[in-house]
Amino acid sequence: MKHLAKILFILLISFNAYAGTVYFATVDGVITSATHKFVQNGLQKAINDNATAFVIKLDTPGGVLEDTRLIVQEILESPVPVVVFVAPQGAHAGSAGAFITLAADYAVMSDGSNIGAAHPVDMTGADIKGDMRDKATNDAVSFMQSIAEKRGRNVEQAILMVTESDSLTATEALEANIIDHILNTDDELLSMLNDALKPATPLVKQEIAPTMLEKISFTLSDPNLMVLLFLLGIFMIFLEIKAPGTFVFAAIGIVSLLLFMIGANFIPINMLGVLLILCGIALLIAEIFITSFGLLSIAGIAAIAGGSRLLFDTVGSQGVAVSIWLLVLLSAMTAGLIMAVGRLVVRDFRRKPVGGMNDIVGEHATVMQWSGTSGKVYLNGEIWSAVSDTEYQKDEQVTVTSSENMTLTVKRG
C-alpha cells in the first residue's frame, strides 16, 4: 500500500509546476519546539506545492522528546515522501535524532556519521532508577519499536539503541537495516531519489531557509548560549547593585535574563541546576568576606560548573548539555570577575566613613559642568551643587572648602 500511494502521488505531481522539486530543510542543533515548527512549516510548503520529496538534513546531539514525537508524527502522516539525511560527513543523529531518522521514508547517512544512544536518563544525566526507569524506558522502547515496524526496519537493533544505548556507524546502520543508503552529497541524494521515485522530469533541489524569527529561536535554544545569558544576567544585576545609578548594568542584565527565559520556552530547565549556579555565585561572594583559604572559591566554582552541566538534564530531554570546554572557560572567567569585584568591595570597607557634611571638607571633587560662579561636581559617587569665585572647566579637579544647605564651596586644586 505504501508503494502504491507513492506511485499515485508521482502521477499527481506531474501536473504541478513544482513537479521534480525536492525541498531541503537543514536541522543543525538541539531538537526543540522551534525545530518542530520549522519542520512543520517546511513540510507543509512541500505538501501545498506538491513537491516530489522533502529532505531533512540532520545533525543533532538530541533534544526534547515531546517535540521529537511531534516531528515524527509530521513525517509519518506526510503524503510527500520524507528523507532524513544525516549529513554532512561526521554528523550525528544522537538520542532524539535516532527516532526522527528511523521515521523517514528514506533514511540516509553520510560517511563518518553515527546514530543511536537513545536511552532515557534522569535530570543528572545518569540512568533513571526504580519504577520511573522502567516507565521511561518502556515508553521510549515502544515509541522506537512502533517507528521501526512502520518503516520495516530492524526492530531488535532499534530497540537496542534505547535499552543498551547502542550507537552505530553509517556502515553498521546500513548492515543492520536501520538506514537505506550511505551517501555524501546532495547530488548523490537527488540521484538516489530519481532512481527510487522515477519522476517525469529530473529532480532539482530547493532549499528552505529559516525565517528571521526561526533563526532567533534556533539561536536562543542553544544550551551554551543560554548558560552564558543566564550568568551574564546575574553578574550584571550584581554590578548594578554595586554601582547603582547608571542603569547600564541593569539594562544588560534584564535583557540577558529575558533572552534566557525565552530560550527556556524551547528547552526545559532543571531548577536544581539553577539553584546550584546561584549557590555557587553566593559562595564566591562569601569568599570576599570570609577567610576560607580558597575553599569557598573552589566550592563556588564547582557549584557553577555542576549547575551549568545539569541545567538541561531533565526527563524528556535527551543529549542536551553544555560543552565541557565552555564550562571550564566559564569557571575561570567567573572566578576572575568575582575576585575583581571583591577588590572593589574591600576598598569600600577600608574607605574612611563619612559621618556628616563637615567630613567632606578637604575632599577632592571633579567638575561636571560649570557656568559663572556655580555648577555641578562629582564627589564620592554623588553629584553635588557647588559655588566658587573662580570659573572652572569640565573634568577639572577642585577641593571642598565648606558646605551649607547641601551646596559645596570649592577652590581650585
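Scanning the stretch 64-107 for residues that are farther than 21 Å from ASP222 by Cα and within 27 Å of the chain's Cα centre (by Cα) returns VAL72, GLN73, GLU74, ILE75, VAL83, VAL84, PHE85, GLN89, THR101, LEU102, ALA103, ALA104. Quickly run through the stretch 42-74 and pick out the residues that are within 23 Å of ALA136 (Cβ to Cβ) and of a type outside the set (Asp, Glu). Correct list: THR60, PRO61, GLY62, GLY63, VAL64, LEU65, THR68, ARG69, LEU70, ILE71, VAL72, GLN73.
Please verify whether LEU43 is over 25 Å from VAL155 (Cβ atoms), part of a helix (DSSP H, G or I) and either over 22 Å from the mean Cα position of the chain (by Cα) or of a type in the set (S, T, N, Q) (or both), treating the condition exactly as stated. Yes: the conditions hold for LEU43. Tell me whether the stretch 275-291 contains one or more residues that are surrounded by 15 or more Cβ atoms within 10 Å (Cβ to Cβ), under 19 Å from the mean Cα position of the chain (by Cα) and at pLDDT below 75. Scanning the stretch 275-291, I find no residue that is surrounded by 15 or more Cβ atoms within 10 Å (Cβ to Cβ), under 19 Å from the mean Cα position of the chain (by Cα) and at pLDDT below 75, so the answer is no. Among the residues of the stretch 198-238, those that are free of Cβ contacts under 8 Å to residues at least 12 places away in the same chain and assigned to a helix (DSSP H, G or I) comprise MET212, LEU213, LYS215, ILE216, THR219.
For THR201, the conditions (1) modelled with pLDDT under 90; (2) among the β-branched types (Val, Ile, Thr); (3) within 28 Å of the chain's Cα centre (by Cα) all hold with the exception of (3). Is the stretch 49-65 home to any residue that is assigned to a helix (DSSP H, G or I), touching a residue at least 40 places away in the same chain (Cβ under 8 Å) and not β-branched (Val, Ile, Thr)? Looking for residues that are assigned to a helix (DSSP H, G or I), touching a residue at least 40 places away in the same chain (Cβ under 8 Å) and not β-branched (Val, Ile, Thr), one finds at least one in the stretch 49-65, hence yes. Looking at (1) assigned to a helix (DSSP H, G or I); (2) touching a Gly at 6+ places or on another chain (Cβ under 8 Å); (3) at pLDDT below 85, which is the only condition PRO268 fails? In the conditions (1) assigned to a helix (DSSP H, G or I); (2) touching a Gly at 6+ places or on another chain (Cβ under 8 Å); (3) at pLDDT below 85, PRO268 misses (1) alone. Quick check, is ILE267 buried (at least 19 other Cβ atoms within 10 Å of the Cβ), within 12 Å of the chain's Cα centre (by Cα) and in the same structural domain as MET333 (by TED's automatic domain parsing)? Judged against the criteria, ILE267 is a match.
Determine whether the stretch 73-81 contains at least one residue that is buried (at least 22 other Cβ atoms within 10 Å of the Cβ), of a type in the set (A, V, I, L, M, F, W, C), assigned to a helix (DSSP H, G or I) and modelled with pLDDT of 95 or more. Scanning the stretch 73-81, I find at least one residue that is buried (at least 22 other Cβ atoms within 10 Å of the Cβ), of a type in the set (A, V, I, L, M, F, W, C), assigned to a helix (DSSP H, G or I) and modelled with pLDDT of 95 or more, so the answer is yes. Say whether the condition of being touching a residue at least 12 places away in the same chain (Cβ under 8 Å), among the β-branched types (Val, Ile, Thr), buried (at least 16 other Cβ atoms within 10 Å of the Cβ) and closer than 30 Å to MET261 by Cβ is met by at least one residue in the stretch 150-168. Checked the stretch 150-168: no residue is touching a residue at least 12 places away in the same chain (Cβ under 8 Å), among the β-branched types (Val, Ile, Thr), buried (at least 16 other Cβ atoms within 10 Å of the Cβ) and closer than 30 Å to MET261 by Cβ. Out of SER388, SER402, SER374, one residue alone is modelled with pLDDT of 85 or more, surrounded by 15 or more Cβ atoms within 10 Å (Cβ to Cβ) and either over 53 Å from the mean Cα position of the chain (by Cα) or among the aromatic types (Phe, Trp, Tyr) (or both). It is SER388. Taken as a whole, the structure places GLY97 among residues that are touching a strand residue (DSSP E or B) at 6+ places or on another chain (Cβ under 6 Å) and not in a strand (DSSP E or B). Once the stretch 239-253 is narrowed to residues that are out of contact with any helix residue (DSSP H, G or I) (no Cβ under 7 Å at 6 or more places or on another chain) and part of a helix (DSSP H, G or I), the residue that is farthest from GLY307 (Cα to Cα) is VAL248.
Pairs meeting the criteria (first residue in the stretch 393-410 and at positive phi and part of a loop (DSSP other than H, G, I, E, B), second residue aliphatic (A, V, I, L, M) and surrounded by 13 or more Cβ atoms within 10 Å (Cβ to Cβ), beta carbons under 7 Å, at least 6 apart or on different chains) are ASP395/VAL367.
The values are calculated or read from the model by the stated rules, or taken from the named source; none is laboratory data. Since this is a predicted model, take the numbers as computed values, not measurements. When we count neighbours, we look across all protein chains shown, and the Cβ atoms used for this are built from the backbone with ideal geometry, even at glycine.
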